Amino acid sequence: MKKIFLGPPGSGKGTAASRVAPKFNAPHISTGDLFRQNIKEQTPIGTSAKEYMERGELVPDEIVIEMLKNRIEEDDCENGFILDGFPRTIPQAEKLAEISEIDVVINMDVPDELIVKRLSARITCEDCGEIFNLIGIPPKKEGECDKCQGKVTRRSDDEPEVVQNRLNTYKEQTEPLIDFYKDKKILKNVPCNNINQTAEETAQSVIDAIEDFTKDIQEAVSETFGSPNKE
Ligand code: AMP
C-alpha cells in the first residue's frame, strides 16, 4: 500500500511514520531526511538544498521530485512505502500521480498553538535522525540518542525564527493538498490535539485510521461488485 503522511512541521508525522512503517513492512521515506543525508555527504543535491532549508523555504520542485523518483524506484518500494514530507506542493502531487498511484493520505490534524510548542521542544539525533521531544518523548539519557547513542540536538531549522517561516510555507504551499486529496477521496483525517499523547498512541491512531480506510474501501467495492464469497 502506498501512503502519504501529510501535516504541518511538528505534527508528529515523521515520528508516526517511523513507528507505523514496520507494521506495514514498508520503507519510511522522508524527503527532509534524504536532504539532510545529502548535506552531510556534501553531494550536489545537498549543496543545492542547504540554503533553502536553512531559510525554512521549500527546495525547488524539480530537485525534490528527481530525488524522490529515484528513491521510490528502489527494490524495497515494490510493495509500497510511506512518504513523509512529500508532496509539499500541488505540482509535486501532480508529478507523483504520474509516477505512482497513492492509496491513502493520512492528514495529521494539529492545532497551530500545539505545533509551535512541539517544534520548540523537538530535538533530533545527528546520526540516525531519530526524533525526540523534551515534552513527551525525551531521550532516556540527556543529549544522547536511545537508538544509536548519537548526539541529540535541535535542528537548525527548528530555531524559533525559522519555525515561523516553515509554518507560513506550509499554509501557503502545502495545506492546499488537503483539498487536492479530499477530492480524490483518499484523505483520512487523524485529529492530534492532545500534547500529552505519546508517540505510540499517535502511531496507533494512524494505524486505526489506515485500517478503517481499508475497510471502507473493501465495503464500497463489495457494494458495487458484490462480495467475492457470494456465488
Ligand atoms: P522536514 O524534515 O520534512 O521538515 O524537511 C526539512 C526541510 O527540507 C524543509 O523545510 C524543506 O526545506 C526541505 N524539504 C523536505 N521535503 C521537501 C519537499 N517535498 N519539497 C521541498 N522541500 C522539501
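Results, tabulated for the structure shown:
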read-out	value
Near pairs, Cβ below 6 angstrom, 6+ apart or cross-chain, from the stretch 165-182 (farther than 11 Å from Leu6 by Cβ and in contact (Cβ under 8 Å) with a residue 40 or more places away in the chain) to any residue that is small (Gly, Ala, Ser) and crowded, with 17+ Cβ neighbours inside 10 Å	Asn165/Gly56; Arg166/Gly56
Flag for Ile210 being in contact with a helix residue (DSSP H, G or I) (Cβ under 9 Å, 6 or more places away or on another chain) and modelled with pLDDT of 85 or more	yes
Any hit, the stretch 51-71, residues being exposed (fewer than 14 other Cβ atoms within 10 Å of the Cβ), without any contact (Cβ under 8 Å) to a residue 24 or more places away in the chain and away from the ligand (no atom under 13 Å from the Cβ)	yes
Scope the stretch 1-17; condition touching a Phe, Trp or Tyr at 6+ places or on another chain (Cβ under 8 Å) and assigned to a strand (DSSP E or B); matching residues	Lys2, Lys3, Ile4, Leu6
Search result, residues across the stretch 97-155 that are among the aliphatic types (A, V, I, L, M), farther than 23 Å from Lys40 by Cα and free of Cβ contacts under 8 Å to residues at least 60 places away in the same chain	Ala97, Ile99, Ala121, Leu134
Qualifying residue in the stretch 5-16 (condition: farther than 21 Å from Val206 by Cβ and either at pLDDT 95 or above or within 12 Å of the ligand (Cβ to nearest atom) (or both))	no
Residues of the stretch 177-191 that turn out to be more than 25 Å from Glu130 (Cα to Cα), surrounded by 13 or more Cβ atoms within 10 Å (Cβ to Cβ) and of a type outside the set (A, V, I, L, M), as a count	4
Residues located in the stretch 25-47, provided they are buried (at least 16 other Cβ atoms within 10 Å of the Cβ) and more than 10 Å from the ligand (Cβ to nearest atom)	Ala26, Pro27, His28, Ile29, Asn38, Ile45, Gly46
Residues located in the stretch 31-66, provided they are within 20 Å of Thr89 (Cβ to Cβ) and among the polar types (S, T, N, Q)	Thr31, Asn38, Ser48
Residue within the stretch 76-85 that is within 16 Å of the ligand (Cβ to nearest atom), in contact with a Lys or Arg (Cβ under 8 Å, 6 or more places away or on another chain) and more than 19 Å from Thr202 (Cβ to Cβ) present	yes
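A quick yes/no check of all residues on (1) of a type outside the set (A, V, I, L, M, F, W, C); (2) away from the ligand (no atom under 16 Å from the Cβ); (3) surrounded by fewer than 18 Cβ atoms within 10 Å (Cβ to Cβ):
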position: Ile135; (1), (2), (3): no, yes, yes
position: Glu144; (1), (2), (3): yes, yes, yes
position: Arg154; (1), (2), (3): yes, no, yes
position: Lys171; (1), (2), (3): yes, no, yes
position: Asn193; (1), (2), (3): yes, yes, yes
position: Phe225; (1), (2), (3): no, yes, yes
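The values are calculated or read from the model by the stated rules, or taken from the named source; none is laboratory data. Computed from a prediction, not measured in an experiment: that's the story for all the values here. Note that we place each Cβ from the backbone using ideal geometry, even for glycine, and neighbour counts take in every protein chain shown.
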